[in-house]
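What follows is one structure encoded as structure tokens, with my remarks underneath.
The values are calculated or read from the model by the stated rules, or taken from the named source; none is laboratory data. Owing to the predicted nature of the structure, the values given are computational and were not obtained by experimental measurement. FYI the Cβ positions are ideal-geometry reconstructions off the backbone, even for glycines, and counts take in every protein chain you see. Surface accessibility is based on the protein's heavy atoms, side chains included, excluding ligands, DNA and RNA. Shrake-Rupley method; radii C 1.70, N 1.55, O 1.52, S 1.80 Å.
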Amino acid sequence: MKEKEKDIFEQTTKFNTGIKLYMFQTGSIKTKLKHIKMNQGEEPYEIPVPWFLIKHPEGDVIIDGGMPIEAALDKHKHWGDVIEAYDPVMKVSEWCRDMVKTVNTNPEDVKYVIQTHLHLDHSGAIGHFPNATHITQKLEYDYAYNPDWFSQPAYVKADFDKPNIRWKFLQGRKTDFYDVYGDGVMKIIFTPGHTPGHQSVLVNLPKTGHMLFTGDACYTGDHNPVTARILQHGDILSLNAFPMISGYYTALERTLFVGEVDEKSLGYWRSNIEAHELGISLIQPGKSCSEITKELNRFFIDKNLLQYRSFGYGHSFGVLSHYYGREAGLELREDIDTELKPGMVVSMEPMITIPSDQEGAGGYREHDILVIKENGAENITKYPYGPDFNIIK
């Protein structure tokens, strides 16, 4: 592993100091909070649309290109009904082909356009830089021409289906960490999830060092608070993965401890694991959401922990929608009497939160996804949980 890391993260001293990174913005997209963060309301929410230019001695490189010029000229014609949920606000002067000139790059100087993916708010550079080769994943290119119904509005075929475009197709894991110039300055990493062929770009700058440009693989900072605090023995952590895989939302959560766990915390952790395992055993066809919830409540009452319960015990998962695959009628809550049936996909995710003024303070949560079958349920989350595995040493 050390050799692989050494290969990925070369020392910056070998690089040309003339390499520079520029960030631009092609306006913004106005939407509502519920379209970005699951079930979080009708409040207005505005998304900046950035893109990046890297000056390199062998030819300049664009990462994405922001929104296309058509979004500024006639957004209704180009994006259609999409603007009812995602309304682009862009000036003609913000188009990437014109903006590069403000830092003394001519369109002819651009040698590569790297597409993290081919969604309509990332496609502004395609076909507008005459000497550029466009780098994308073959999987992303093929999917853009034939997307699932729930992803179709995000792809505008006119943005990428153009004549005389030079494409370089990468092949997922087989070409992972593809080095654009062979000098360690830009490496492309396959990061599927937001789209099947999404990729990110690891950039190494002479003074700053490494920066990872994740496109839309990580487009809000809610789960990434900035802190300079160094992890300490005894810290409680949460592993939280919430990807979209080919349009289907899924999730994984695990409680972790650093180095060691005190007896009080261990007791809370094990109690929540017992609740988790009980809940998994209750996920069966014919059971109602309220019935499962009441049995879990009784468990926490017996442990004198019900007052620390957070959220519900689980909910449905499915394809991309306004509620990210989550249906109001399929929540594991006391007031929902929906009966579980074969084909449904639900989570089991009990959580208790101990106040900061008590021993064992912190949040304890395990989260698995289950598919209801004719005679039971299949747990499709394979990552282990509990103190035997998740104490980091």
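Assorted remarks:
- Rounded to the nearest 20, the Cβ-based charge dipole of the chain about its Cα centre (Lys and Arg +1, Asp and Glu -1) stands at 1000 debye.
- Bridging of Lys174 to aspartates and glutamates at a Cα separation below 20 Å is possible for Glu3, Glu5, Asp7, Glu140, Asp142, Asp183, once same-chain residues fewer than 8 apart are set aside.
- Cross-link pairs exceeding 31 Å in C-alpha to C-alpha distance, out of Lys264/Lys373; Lys91/Lys162; Lys20/Lys393, comprise Lys264/Lys373; Lys20/Lys393.
- Å² per residue, accessible surface of region 63-153 at 1.4 Å: 43 Å²
- Under-5 Å amide H pairs with Leu332, H placed in peptide plane, nonlocal only: Tyr313, Gly314, His315
- Cα gyration tensor shape of region 196-317, rounded if a/c is under 1.5, else prolate or oblate by comparing a/b with b/c: oblate
- Given Lys34/Lys75; Lys111/Lys138; Lys77/Lys168; Lys55/Lys168; Lys187/Lys382, the pairs whose alpha carbons are separated by over 25 Å: Lys77/Lys168; Lys187/Lys382
- Radius 11 Å from Cβ of His276, net charge of other residues (Lys, Arg +1; Asp, Glu -1): -3
- FRET efficiency, Asp81 to Lys168 (Cβ-Cβ, R0 41 Å, nearest 0.05): 0.80
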